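Here's the structure we're looking at; comments come further down.
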Amino acid sequence: IKEGTSFKVSEKLLPDFYALCEEVKEKLNYKEPIDFYITGHSEINACAAFSYDVNYPHMIEIYSGAYNLLNEDELKYLVGHEIGHLIDGDAVITGIFRFLYPDEDSLENCPDFLIKRYDLYEQVAELSADRYGYMACENLDTCVKAIFKMASGVDLEKMNVSISALMEENDRHLDCLFNEGGFTGDSHPVDPIRVRALELFANAKTQTALNKGMNDLINILQTFTFGELDDALA
């Protein structure tokens, strides 16, 4: 079905992007087969589908909105991020949770603390996948630009937006989150947290410094604005 509705990336049809995907796979030392697709979709996003069948490859789908907006290095970050989800096996945890609680009605029987644990897991999994994206392109500025492009849909180079201005704006938003909490209910952390987590991963001088900085961010992800009971459950 996917081959009939999307553009499969192959060495013959899309040699440059095929080479980019294979380069990222090799850099991340990922040996399992992956089929890459470009799908006509205005959303600036991508997704990875884990294959539980050894006879079928995993799948990574790049939406055309992202493919057309991001430059080559930013696409390396995006492809690396999605391969990171496969490396970490995030779909396995998600599959278990969705098997137990497949719809909204069944979620009513799920304890609140477990829902909040799973929500936190999804958010931290994204921060981990971002690290693979960074390792794929090896440039923090590239990752930051890709994150902001995907959030805004704006071509930053065309609009002459500087990376220093982006980082200043990010710090301002992060200060607000430290005071008010950062849980959104979405599967992805808000961009200021993603950017700071990448800064820590790229620039922290010691494991202790990285751990402390990440713990501070995870505390934000567990801080709710709904009331003291929700904070205690988290």
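Summary table below
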{"item": "Apportionment of accessible area to carbon and sulfur, the chain, percent (1.4 Å)", "result": "51 percent"}
{"item": "Per residue convex hull volume, Cα atoms of segment 68-192, in Å³", "result": "123 Å³"}
{"item": "Pair-distance profile P(r), taking every C-alpha pair of the chain, with 10 angstrom steps and integer %", "result": "7, 29, 35, 23, 6, 0"}
{"item": "Given charges at beta-carbon only (K, R positive; D, E negative), |dipole| of the chain in Debye", "result": "580 debye"}
{"item": "Helix-only [θ]222 nm of the chain, DSSP H runs n ≥ 4, -39500 (n - 2.57) each, per residue, nearest 500", "result": "-19500 deg cm²/dmol"}
{"item": "Stokes-Einstein translational diffusion, segment 16-92 - Kirkwood Rh over all Cα pairs, 1.306 mPa s, 10 °C, in µm²/s", "result": "126 µm²/s"}
{"item": "Cα centroid separation, segment 114-149 to segment 14-33 (Å)", "result": "19 Å"}
{"item": "Antiparallel DSSP beta bridges within segment 32-84, as percent of all bridges there, nearest 5", "result": "40 percent"}
{"item": "Antiparallel bridges, percent of DSSP beta bridges restricted to the chain (to nearest 5)", "result": "50 percent"}
{"item": "Longest exposed-site-free window of the chain, the sites being trypsin sites (Lys or Arg not before Pro) in a DSSP loop that have at most 14 other C-beta atoms within 10 Å", "result": "32-157"}
{"item": "Gain on full stretching of the segment that runs from Glu72 to Phe178 - 0.36 nm per residue minus C-alpha separation", "result": "34.8 nm"}
{"item": "Full-stretch length increase - Asn203, Asp105 - with 0.36 nm per residue and alpha-carbon distance subtracted", "result": "30.8 nm"}
{"item": "Number of Lys pairs (Cα under 16 Å; 8 or more positions apart or on different chains) in segment 69-178", "result": "4"}
{"item": "Exposed-site-free run, longest, the chain (rule: chymotrypsin sites (Phe, Trp or Tyr not before Pro); DSSP loop; at most 13 other C-beta within 10 Å)", "result": "53-225"}
{"item": "Solvent exposure ordering (accessible area, 1.4 Å, most first) of Glu199, Glu26", "result": "Glu26, Glu199"}
{"item": "Ratio of Rg to Rh over segment 60-117 (Cα coordinates, Kirkwood Rh, two decimals)", "result": "1.17"}
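The values are calculated or read from the model by the stated rules, or taken from the named source; none is laboratory data. What you see is a predicted model; the values in this text were computed from it and never measured. Positions of Cβ are generated from backbone atoms using ideal geometry, with glycine treated the same way; all protein chains shown enter the neighbour counts. Surface accessibility is based on the protein's heavy atoms, side chains included, excluding ligands, DNA and RNA. Shrake-Rupley method; radii C 1.70, N 1.55, O 1.52, S 1.80 Å.
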